[in-house]
Amino acid sequence: AQSVTQPDIHITVSEGASLELRCNYSYGATPYLFWYVQSPGQGLQLLLKYFSGDTLVQGIKGFEAEFKRSQSSFNLRKPSVHWSDAAEYFCAVAVYNNNDMRFGAGTRLTVKP
Amino acid sequence: DAGVTQSPTHLIKTRGQQVTLRCSPKSGHDTVSWYQQALGQGPQFIFQYYEEEERQRGNFPDRFSGHQFPNYSSELNVNALLLGDSALYLCASSLGQRNQPQHFGDGTRLSIL
């Protein structure tokens, strides 16, 4: 069964600094990979997705992620963090033709002024 | 264009009671998935409804049941509530094909006393 690991529970970065959130997955077939963001008291918003093709995917709000099959990773990056990026970030994986999308436990991002 | 709407936003119940949560999908979407998000964790897949049928189910007991109506809206029912059922319940909608990106509502916060 597929699973997702987000090694960092909490990350703090200064506003304007770069950001990388880690995500590792295990799966038994072709993975579909997603990053979602959740602000307090709200639902999840899709930042980006990877289905196939170019391994570097661009998302909303200036985020990007790179799929590395050899490392089973799908890390999320942003070159310059804004205070409004403070939130909880979830990586998720789904297997082709399987609707049971598995989420990681999340990484909470704090942005220092 | 209305997104995914869930009702109620908050609910307090006691052990042994039954609860019904409601979800209206994003306009144009025909598939509804339900997730349980315990405090400090990522969402866990409960089940998905498509064409008024349960298409797939996660690892949840039969106390969790659902329904999808002809207008694609959906209900989640939980019987014999346990303290451990306290969580944020998220509804997500998508188009019919599997593995399509899901759009989430803001959730229903269920507290069991």
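Consider B:Gln41 carefully, then state whether it is within 12 Å of chain A (Cβ to nearest Cβ), over 21 Å from A:Gly106 (Cβ atoms), open to solvent by 20 Å² or more (accessible area, probe 1.4 Å) and part of a loop (DSSP other than H, G, I, E, B). In short, no.
Only residues that are exposed (fewer than 12 other Cβ atoms within 10 Å of the Cβ) and polar (S, T, N, Q) were counted across segment A:50-62, and they come to 2. Scanning for something away from every other protein chain (no Cβ under 14 Å), touching a residue at least 12 places away in the same chain (Cβ under 8 Å) and more than 12 Å from the chain's Cα centre (by Cα), does segment A:19-36 turn up at least one residue? Yes; the residues of segment A:19-36 include at least one that is away from every other protein chain (no Cβ under 14 Å), touching a residue at least 12 places away in the same chain (Cβ under 8 Å) and more than 12 Å from the chain's Cα centre (by Cα).
The set of residues in segment A:57-85 that are touching a residue at least 40 places away in the same chain (Cβ under 8 Å) and at positive phi contains only A:Ser72. Comparison of B:Leu82, B:Leu90 shows that the only residue that is among the hydrophobic types (A, V, I, L, M, F, W, C) and away from chain A (no Cβ under 13 Å) is B:Leu82. Quick one: is B:Gln68 within 11 Å of chain A (Cβ to nearest Cβ) and farther than 25 Å from A:Thr107 by Cα? Against the criterion (within 11 Å of chain A (Cβ to nearest Cβ) and farther than 25 Å from A:Thr107 by Cα), B:Gln68 does not qualify.
Within segment A:20-35, the set of residues being assigned to a strand (DSSP E or B) and touching an Asp or Glu at 6+ places or on another chain (Cβ under 9 Å) comprises A:Leu21 only. For segment A:25-46, the tally of residues that are of a type in the set (S, T, N, Q), farther than 17 Å from A:Ala87 by Cβ and open to solvent by 60 Å² or more (accessible area, probe 1.4 Å) stands at 1.
If you check B:Gly28 against the conditions, is it open to solvent by 20 Å² or more (accessible area, probe 1.4 Å), under 30 Å from A:Tyr50 (Cβ atoms) and not β-branched (Val, Ile, Thr)? Yes, satisfied.
If you filter segment B:99-113 down to residues that are modelled with pLDDT of 85 or more, farther than 12 Å from B:Trp34 by Cβ and outside any strand (DSSP E or B), you find that the one that is least open to solvent (accessible area, probe 1.4 Å) is B:Asp106.
One residue alone among B:Arg22, B:Arg55 is closer than 28 Å to A:Ser52 by Cα, assigned to a strand (DSSP E or B) and open to solvent by 40 Å² or more (accessible area, probe 1.4 Å), and that residue is B:Arg55. Here A:Gly43 meets the list (1) under 22 Å from B:Thr108 (Cβ atoms); (2) within 11 Å of the chain's Cα centre (by Cα) almost entirely, failing just condition (2). One residue stands out among those in segment B:70-97 that are of a type in the set (A, V, I, L, M, F, W, C) and surrounded by fewer than 17 Cβ atoms within 10 Å (Cβ to Cβ): the one that is modelled with the lowest pLDDT, which is B:Leu95.
Condition check ((1) among the β-branched types (Val, Ile, Thr); (2) within 11 Å of chain B (Cβ to nearest Cβ); (3) loosely packed, with under 12 Cβ neighbours inside 10 Å) across all residues:
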residue: A:Leu48; (1), (2), (3): no, yes, no
residue: A:Glu64; (1), (2), (3): no, no, no
residue: A:Gln71; (1), (2), (3): no, no, yes
residue: A:Asn75; (1), (2), (3): no, no, no
residue: A:Ser84; (1), (2), (3): no, no, yes
residue: A:Phe90; (1), (2), (3): no, yes, no
residue: A:Arg102; (1), (2), (3): no, yes, no
residue: A:Thr107; (1), (2), (3): yes, yes, no
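The values are calculated or read from the model by the stated rules, or taken from the named source; none is laboratory data. Quantities reported herein were computed from a predicted structural model and do not represent experimental measurements. Glycine gets a Cβ as well: all are built from the backbone with ideal geometry, and neighbour counts include every protein chain shown. These area figures cover heavy atoms from the full protein model, side chains too; ligands, DNA and RNA do not enter into them. Shrake-Rupley method; radii C 1.70, N 1.55, O 1.52, S 1.80 Å.
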